[in-house]
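Enquirer: One structure coming up, written as structure tokens, with questions to follow.
The values are calculated or read from the model by the stated rules, or taken from the named source; none is laboratory data. This one's a predicted model, so the numbers in the text were calculated from it and none came from an experiment. With ideal geometry, Cβ positions are generated from the backbone for all residues, glycine too; neighbour counts draw on all protein chains shown. With ligands, DNA and RNA removed, areas are computed over all heavy atoms of the protein, side chains included. Shrake-Rupley method; radii C 1.70, N 1.55, O 1.52, S 1.80 Å.
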Amino acid sequence: MPLLQISEPNQSAAPHQHRLAAGIDLGTTNSLIASVRSGIAETLPDARGVHLLPSIVHYQANQLPEVGVDAKTFAVQDPLNTIASVKRLMGRGLADVKMTGTQLPYDLVASAGGMPSIRTVAGELSPVQVSADILKALKQRAEDTLGGELTGVVITVPAYFDDAQRQATKDAAKLAGLQVLRLLNEPTAAAVAYGLDKQAEGIHAIYDLGGGTFDISILRLHRGVFEVMSTAGDSALGGDDIDREIALWMMQQAGIAEDAARSHIRELLDIARAAKESLSTQHSITLDVPLATGTRWQGEFTHEDLIKLADPLIQKTLVPCRRALRDAGISAEDISAVVLVGGSTRMPRVREKVESFFGRKPHVDIDPDKVVAIGAAIQADILAGNKPDNEMLLLDVTPLALGIETMGGLVEKIIPRNTPIPTARAQEFTTFKDGQTAMALHVVQGERDLVVDCRSLARFELRGIPPMVAGAARIRVTFQVDADGLLSVAAREEMTGVSSEITVKPSYGLQDNEITRMLQESIVNAEIDLKLRALREQQVEADRVVNALRSALQADGHVLLKREEFVNIAAALDELLSVANGTDIQAIKHAISKVDDLTKEYAARRMDHAIRQAMQGHTINEFTEKL
Ligand code: ADP
Ligand code: MG
């Protein structure tokens with residue numbers, strides 16, 4: 001045995017240079033960048049000492065765009081070229097954007113593939129390009145402050161972002177010259193900032209009230225993995241709405257008519273916002289509002305006034321909170337921590353309402369508008385490899401897809417290749433046969449479509465499924481890869497709650513060259529796999545049709561079918577049986593559709609028959625009474 005090497009305490013065995021990494025909160029209203037310096041995660045200010053970067057970009061012809069506060073000043077004079085709230089457009093089609101009814105002051109046009117483009121003097125720009133300009137500004141700020149090039153970043157996204165929205169965010173980062181170590185859910189980042197990932201297992205509520213959006217997420221920490229149990233929110237509710245209420249109140253108090261206000265509504269909203277923000281720490285302030293006549297109106301605005309205006313809006317956030325709890329199947333008492341996120345949660349009234357709703361004091365020690373960026377920075381520091389080995393738990397990805405065998409020897413992938421771990425994913429499956437009470441689960445790993453070409457990891461069974469018709473049972477299979485790379489698979493029948501679980505160990509002890517070989521094979525064989533998959537699917541369908549028809553014929557074929565009909569259907573069934581296990585996909589399809597055609601009338605009669613039987617011995621009045 002070689003001599004053990006001894007390293008200095010708190011130094012990893014192979015010390016390397018500190019890699020510059022950052023966490024980015026790419027927000028709808030404001031964005032931030034943060035980094036871990038001397039062990040502390042902190043947001044980075046611009047040259048003026050300001051941390052928040054308004055997510056606004058102003059474009060001019062033949063000039064570099066301005067980003068942030070500088071861009072914001074153009075919102076009034078040049079609205080068509082001043083792009084705000086672009087996050088709402090990321091990864092969305094023009095049709096989706098129009099449907100959400102979002103009012104945007106700039107021109108949207110359709111570009112290739114129905115994606116929205118923004119028409120500016122600098123040309124038609126995609127939301128990805130605009131986001132990239134915000135990211136470039138943050139990158140520049142970080143490199144100026146940290147004095148070197150960033151090796152990688154973690155960017156946060158809302159938990160409800162789908163694949164297209166996540167991909168668009170990654171594309172924007174690429175365009176900005178950033179290497180994305182990982183996209184991280186905003187609520188997860190907030191939980192990480194508070195170190196909730198280091199605590200015991202628990203369920204946490206993350207309440208995020210920003211400028212224009214409200215999100216509530218229920219996270220469950222289980223074996224070091226954050227699972228999103230539910231999300232809810234309101235994409236058109238935030239601090240901006242409170243500003244609008246205050247502006248309307250000011251107009252009333254000052255006797256400003258609506259049409260007179262139109263020209264300087266921006267200015268009124270800015271005064272309203274400043275007033276609202278001051279009242280988070282003061283009891284009352286004096287408003288000073290310019291009037292069209294050139295004179296000014298002055299008046300008191302107190303915290304009580306603000307509460308009256310804001311309460312209905314704050315109350316509105318509790319509706320999604322209730323929904324999120326319900327969707328997660330829990331009640332407020334099950335929550336072990338509440339985290340506040342978003343600038344609007346600085347309002348004392350919001351804190352009060354959240355506290356009384358969840359029945360516990362929320363975490364507020366970290367600035368609510370910085371908490372997401374700080375969590376992202378902590379994660380980025382780990383992913384960049386700046387932590388001693390024992391803290392590098394979140395670094396890995398799954399090298400090959402993990403999935404489950406379905407009928408016909410096909411693989412249903414549940415966790416795709418390259419998913420950062422820890423991770424948890426679930427999918428629903430159902431029974432294949434009427435009255436099926438057990439299900440054999442076969443866990444496999446690999447990129448290929450057929451089970452025989454993948455690696456078998458484990459088999460286990462779920463028993464005690466109540467007998468139902470084929471396809472009625474709902475079995476939720478959850479795959480979870482924990483921080484150590486251990487895979488556990490759980491299956492649960494949703495109606496009865498019966499469940500079964502297995503842990504696979506080690507989850508993917510494949511050698512590098514084995515992974516390379518499996519990947520190469522999957523590329524070479526992609527076309528063959530596709531054809532085989534189609535064939536297997538037809539074979540499975542044939543099997544299903546044969547089973548269903550056989551049991552129907554047995555039950556009432558002789559009662560409901562004329563002799564000649566029975567003979568014809570039986571012949572079609574025989575024909576299907578003779579091709580069902582062959583390789584001629586067209587023949588199988590043809591035989592299935594022939595059976596379908598011949599049994600349409602039979603199916604209708606069975607339905608009639610069933611209804612008539614149900615009504616036998618009852619009068620029609622009994623049924624109408626129940627309606
Ligand atoms: P987003 O996540 O949408 O990018 P933020 O989390 O930065 O937005 O929140 C912006 C909102 O927070 C604005 O409506 C702003 O007025 C509000 N806000 C910021 N500071 C305060 C404060 N001290 N008191 C009340 N509201 C505040
Ligand atoms: Mg935010």
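Enquirer: Within region 337-377, which residues are among the hydrophobic types (A, V, I, L, M, F, W, C), more than 22 Å from the chain's Cα centre (by Cα), more than 11 Å from ligand 1 (Cβ to nearest atom) and farther than 19 Å from Gln199 by Cβ?
Expert: Across region 337-377, the qualifying residues are Val354, Phe357.
Enquirer: Check Ile421 against each of (1) open to solvent by less than 40 Å² (accessible area, probe 1.4 Å); (2) β-branched (Val, Ile, Thr); (3) modelled with pLDDT of 80 or more and name the one condition it does not meet.
Expert: Here Ile421 clears every test but (3).
Enquirer: While we're here: Mind counting the residues in region 105-154 that are within 25 Å of the chain's Cα centre (by Cα), among the aliphatic types (A, V, I, L, M) and open to solvent by 40 Å² or more (accessible area, probe 1.4 Å)?
Expert: Qualifying residue count, region 105-154: 1.
Enquirer: Could you look through region 297-320, keep only residues that are under 16 Å from Asp208 (Cβ atoms) and in contact with a helix residue (DSSP H, G or I) (Cβ under 6 Å, 6 or more places away or on another chain), and pick out the one that is farthest from ligand 2 (Cβ to nearest atom)? Spell out the reasoning first.
Expert: Initial filter on region 297-320 (under 16 Å from Asp208 (Cβ atoms)): 313-314, 316-320.
After this cut, where a residue has to be in contact with a helix residue (DSSP H, G or I) (Cβ under 6 Å, 6 or more places away or on another chain) as well, the list is 313-314, 318.
Values: Leu313: 17, Ile314: 17, Leu318: 19 Å.
Only one residue tops the list, namely Leu318.
Enquirer: Working carefully through the options Arg92, Arg119, find the one that is over 22 Å from Leu237 (Cβ atoms) and among the basic types (Lys, Arg). Don't jump to the end; show me each part of the working.
Expert: Details: Arg92 fails: over 22 Å from Leu237 (Cβ atoms).
Only one candidate qualifies: Arg119.
Enquirer: Now a separate question. Taking helices (runs of 4 or more DSSP H) that fall entirely within region 203-302, which contain at least 1 residues that are within 16 Å of ligand 1 (Cβ to nearest atom) and surrounded by 14 or more Cβ atoms within 10 Å (Cβ to Cβ)? So that I can check it myself, show each step before the final result.
Expert: On the way: elements: 239-254, 258-262, 265-278.
Hits in region 203-302: 239-254, 265-278.
Enquirer: Of the conditions (1) small (Gly, Ala, Ser); (2) more than 16 Å from ligand 2 (Cβ to nearest atom); (3) closer than 24 Å to Thr478 by Cβ, Ser217 fails just one. Which one is it?
Expert: So the condition that Ser217 fails would be (2).
Enquirer: Which of the residues spanning region 279-305 are modelled with pLDDT of 95 or more, hydroxyl-bearing (Ser, Thr, Tyr) and more than 18 Å from Asp241 (Cβ to Cβ)?
Expert: Thr281, Ser284, Thr286, Thr302
Enquirer: Follow-up. Checking the condition modelled with pLDDT under 85, open to solvent by 60 Å² or more (accessible area, probe 1.4 Å) and of a type in the set (A, V, I, L, M), which residue from Leu457, Leu395, Leu383, Leu400 passes?
Expert: Just a single option satisfies the conditions, and that option is Leu395.
Enquirer: Quick check on Lys308: is it modelled with pLDDT of 90 or more, basic (Lys, Arg) and surrounded by 14 or more Cβ atoms within 10 Å (Cβ to Cβ)?
Expert: On the way: modelled with pLDDT of 90 or more: yes; basic (Lys, Arg): yes; surrounded by 14 or more Cβ atoms within 10 Å (Cβ to Cβ): no.
So Lys308 fails the test.
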